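Visitor: Quick one: structure below, then a few questions.
Every number here is computed from the coordinates shown, using simple stated rules; none is lab data. Everything numeric here is computed off the predicted structure, so don't read it as measured data. As a convention, Cβ positions derive from the backbone with ideal geometry for all residues, glycine included, and neighbour counts pool all protein chains shown.
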Amino acid sequence: MEKNNNILVLDVETQKSFKEIGKSKAMSLSKLKISVVCVYDFLTDAYASYEEKDIMKFEQKLQAADLLVGFNIRRFDMQVLQPYLFKTVDQFPVLDLLDDIEKARGHRVSLDSVARATVKEGKSGDGVEALALFKEGRMEELKKYCMDDVRLTKDVYEYGCREGKIYFTSTWNFKTHEIPVDWKRTTAEFLRKKNAPPTDFPTSLF
């Protein structure tokens, strides 16, 4: 992946669980509230974390990005972020790795199952642990957990761009399966659209 592209890999952790909200997932996402957002920036080759109080600063970075990459970010992370943003989340260019995996396999899989099979490293914890870290005020540990997810997502994304395929291990039959992906081409298309010159509109109808 070219390092001079303004691509962000992101992951969101929340302050609350669905159980605490007490409503259906579709209705609750905007009420989970951000505990921390972590990103990897291809343009600067750097990781960064933002707590809820830093979201305005994060939004500036988000607005400038050519592409947002994540695992299940279209249906989760971006929806959790929506109340903090001026733009609606469907206006952002998003490449959701899980969407492509689900289209290829016909079902959803976990980041852990993909990362372990593809880049030989798994997640450092789970969402329940992340919620506990926030409630206990252990923010640096929470940021590390979130950053680990960003790093795994980045590694899986880069592997898919480079090799044109990734892998996952099924929890049903414990077999490892190959999944073809076209993330290199998809990324190029996003970047071309984002960087295309604006269309010239006529100054007169006549």
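Visitor: Roughly how big is segment 77-151's charge dipole about its Cα centre, with Cβ charges of +1 (Lys, Arg) and -1 (Asp, Glu), in debye to the nearest 20?
Guide: That gives segment 77-151 a dipole magnitude of about 100 debye.
Visitor: Counting Lys and Arg as +1 and Asp and Glu as -1, each charge on the Cβ, what is the dipole of the chain about the Cα centre in debye, to the nearest 20?
Guide: Using only the charged Cβ atoms, the result is roughly 440 debye.
Visitor: Looking at segment 7-195, send over the antiparallel percent of its DSSP beta bridges, to the nearest 5.
Guide: 75 percent
Visitor: Within the chain, what's the longest stretch lacking GluC sites (Glu not before Pro) that sit in DSSP loops with no more than 12 other Cβ atoms inside 10 Å?
Guide: Counting at most 12 other Cβ atoms within 10 Å as exposed, the longest clean stretch of the chain is 3-135.
Visitor: What label, among (1) 57, 43, 30; (2) 60, 27, 27; (3) 64, 40, 34, belongs to Cα extents along the principal axes in Å computed from the structure on display?
Guide: (3)
Visitor: Okay, next question. Give me Ser17, Ser49, Ser110 ranked fewest to most by other Cβ atoms within 10 Å of their Cβ, as a rough exposure proxy.
Guide: Ser17, Ser110, Ser49
Visitor: Please compute, over every Cα-Cα pair in segment 37-149, the percentage with a separation greater than 24 angstrom.
Guide: 29 percent
Visitor: If you rank Thr118, Thr169, Thr44 by fewest surrounding Cβ atoms within 10 Å, what's the result?
Guide: If I rank by nearby Cβ atoms, fewest first, I get Thr44, Thr169, Thr118.
Visitor: So in the chain, which Cys have no other cysteine's beta-carbon sitting under 4.7 angstrom from theirs?
Guide: Taking the Cβ cut-off of 4.7 Å, the unpaired cysteines of the chain are Cys161.
Visitor: If you rank Val119, Val12, Val37 by fewest surrounding Cβ atoms within 10 Å, what's the result?
Guide: Val119, Val12, Val37
Visitor: Any idea which of Ser124, Ile166, Val94 is furthest toward the positive side of the dipole for segment 7-195, if Lys and Arg beta-carbons carry +1 and Asp and Glu beta-carbons -1?
Guide: Val94
Visitor: Once the dipole of segment 7-195 is set up with Lys and Arg at +1 and Asp and Glu at -1 on Cβ about the Cα centre, which of Asn72, Leu43, Ile55 lies farthest towards its positive end?
Guide: Asn72
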